[in-house]
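The values are calculated or read from the model by the stated rules, or taken from the named source; none is laboratory data. All figures in this text were calculated on a predicted structure; none of them were measured in a lab. Positions of Cβ are backbone-derived with ideal geometry, glycine not excepted, and every protein chain shown enters the neighbour counts. Surface areas here come from the heavy atoms of the whole protein model, side chains and all, with no ligands, DNA or RNA. Shrake-Rupley method; radii C 1.70, N 1.55, O 1.52, S 1.80 Å.
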Amino acid sequence: MNMLGIETSCDETAAAVVAETGDVSKPWTIRSSVIASQADIHREWGGVVPEIAARQHVRDICGVVERALQDGQVGWQDLGAIAVTQGPGLVGSLLVGVSFAKAVAFSLEIPLVAVHHLAGHIESLFLHNGTLALPATILVVSGGHTSLYHVPREGEYHLIGRTRDDAAGEAYDKVAKLLGLGYPGGPIIDKLAQQGNDRAVAFPIPRMTHPNRNVANRLETPPPFGRAFAGRTEFSFSGLKTAVMRHVRSRQTALAMAGATTVDSPESIRLADREIADICASFQRVVVEALLDRTFGAARWLGARSVGLAGGVSANSRLRADAMERGRALDLPVFLPSLSLSTDNAAMIAAAGLRRFRAGHRAGLDLNAEASLAL
Ligand code: KG4
Ligand code: ZN
């Protein structure tokens, strides 16, 4: 069966056709995957502007879907069902995809399947690698989320940890903005960090050992670990972001005092390229260590047979390399999506849709977008 997937949760309008293979070890194949990125539009604002994003989705959605059908060499009549991201995300953006998908389902009289965006990221691992050794510990790390899942069976996701404040990708984007590097910051910092010294600046590694009393109640802490486990699987990146900001400001002030420049405000002083590369490398080392310490720690406690990383930040070269190295040292298989499946796309939504469709899930035409949908 061919599944049409639609993804419009943030600033990418995406459509894809994914087909079932009949092979249980690699159940799905991508027939097409089209992404219209709005990054160039939001760049001049330094981040995603929700109203502009929603309007741009309206402009792009028809062309993107038609292109996905064309590339996949399938007609409307060849579609067995349609899957759409219901949430979480920007509500105006989500509504464009949800409305479009409902209209297609109604007019073609085919089933509609609602998909959680993070389930899509998790399924990108199965889409790219085939079946994983289960149970698996899977980290979804993107611009909006840093969430750790225990996956005991295919299609079953237990949230065991998440960030208390900023997502890792958000920290990348904010640090890049602070350094005057542009948007989105992740790929730029990744590239600059390769030329820097990752020990040049000693940024603090965020550590938490106690559960967060305010929000941890939604986490599923598997027995016998209980609540003590929660503090060890949660993430925090806002302190690190503040540490980078303080470091940059103090360096700018030092340069201003030394008379190295004649600008009015120290904040507009741009640090030397060499120094920026060192800051990027040092920041990235701490982020990657924090992400992998918690992920591999949870995998050990839960007796996971594999580890998976997904989401936009899983495209990061150091995160990928360090995760593979840790996996090799522990003899624990590590799974990653391809680079094009790491960042937002609709093929992962179609795959997650196929998983849900085969489990019997159907959405009605009263389906609504949900900005903070839980998984
Ligand atoms: O999954 P995604 O495309 O969208 C969300 O669901 O948020 O993730 C986007 C995030 C952005 O914060 C971007 O800076 C980050 O992923 N990102 C990276 C890299 N490529 C994208 N972060 C670090 N290194 C990269 N190579
Ligand atoms: Zn995403």
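So if I check each of Leu132, Leu125, Leu69, Leu94, which one is aliphatic (A, V, I, L, M), closer than 30 Å to Gly327 by Cβ, in contact with a Gly (Cβ under 9 Å, 6 or more places away or on another chain) and assigned to a helix (DSSP H, G or I)?
Leu125
Quick test of your reading of the structure: Ala176 fulfils all but one of (1) more than 16 Å from ligand 2 (Cβ to nearest atom); (2) open to solvent by 10 Å² or more (accessible area, probe 1.4 Å); (3) closer than 24 Å to Arg246 by Cα. Name the failing condition by number.
With (1) more than 16 Å from ligand 2 (Cβ to nearest atom); (2) open to solvent by 10 Å² or more (accessible area, probe 1.4 Å); (3) closer than 24 Å to Arg246 by Cα applied to Ala176, the lone miss is (2).
Report, ordered by the first and then the second residue, all pairs with beta carbons closer than 6 Å, sequence separation of six or more or different chains, a first member in the range 267-290 that is in the same structural domain as Gly186 (by TED's automatic domain parsing) and open to solvent by less than 10 Å² (accessible area, probe 1.4 Å), and a second member that is part of a helix (DSSP H, G or I) and within 16 Å of ligand 2 (Cβ to nearest atom).
Cβ pairs passing all conditions: Val287/Ala168; Val288/Leu319.
Among the listed residues Ser93, Ser25, Ser33, identify the single one that is at pLDDT 95 or above, open to solvent by 20 Å² or more (accessible area, probe 1.4 Å) and among the small types (Gly, Ala, Ser).
Step by step, each of Ser93, Ser25, Ser33 is checked, and only Ser33 is at pLDDT 95 or above, open to solvent by 20 Å² or more (accessible area, probe 1.4 Å) and among the small types (Gly, Ala, Ser).
Can you confirm whether Ala136 is more than 14 Å from ligand 1 (Cβ to nearest atom), open to solvent by less than 30 Å² (accessible area, probe 1.4 Å) and in contact (Cβ under 8 Å) with a residue 40 or more places away in the chain?
Yes.
Report yes if Val307 is outside any helix (DSSP H, G or I) and in contact with a Ser or Thr (Cβ under 7 Å, 6 or more places away or on another chain), otherwise no.
Criteria met by Val307.
I'd like to know if the range 345-352 contains one or more residues that are more than 16 Å from ligand 2 (Cβ to nearest atom) and either under 30 Å from Gln86 (Cβ atoms) or surrounded by fewer than 23 Cβ atoms within 10 Å (Cβ to Cβ) (or both).
No: the range 345-352 contains no residue that is more than 16 Å from ligand 2 (Cβ to nearest atom) and either under 30 Å from Gln86 (Cβ atoms) or surrounded by fewer than 23 Cβ atoms within 10 Å (Cβ to Cβ) (or both).
Mind checking which residues of the range 193-204 are under 9 Å from Ala281 (Cβ atoms) and surrounded by fewer than 20 Cβ atoms within 10 Å (Cβ to Cβ)?
Scanning the range 193-204 gives Gln194, Gln195, Asn197, Asp198, Arg199, Ala200.
For the range 151-162, state whether one or more residues are under 20 Å from Thr242 (Cα atoms) and touching a helix residue (DSSP H, G or I) at 6+ places or on another chain (Cβ under 9 Å).
Yes, the range 151-162 contains a residue that is under 20 Å from Thr242 (Cα atoms) and touching a helix residue (DSSP H, G or I) at 6+ places or on another chain (Cβ under 9 Å).
Being open to solvent by 10 Å² or more (accessible area, probe 1.4 Å) and within 16 Å of ligand 2 (Cβ to nearest atom) narrows it down to one residue among Tyr149, Tyr157; which is it?
None of the other options fit; the residue is Tyr157.
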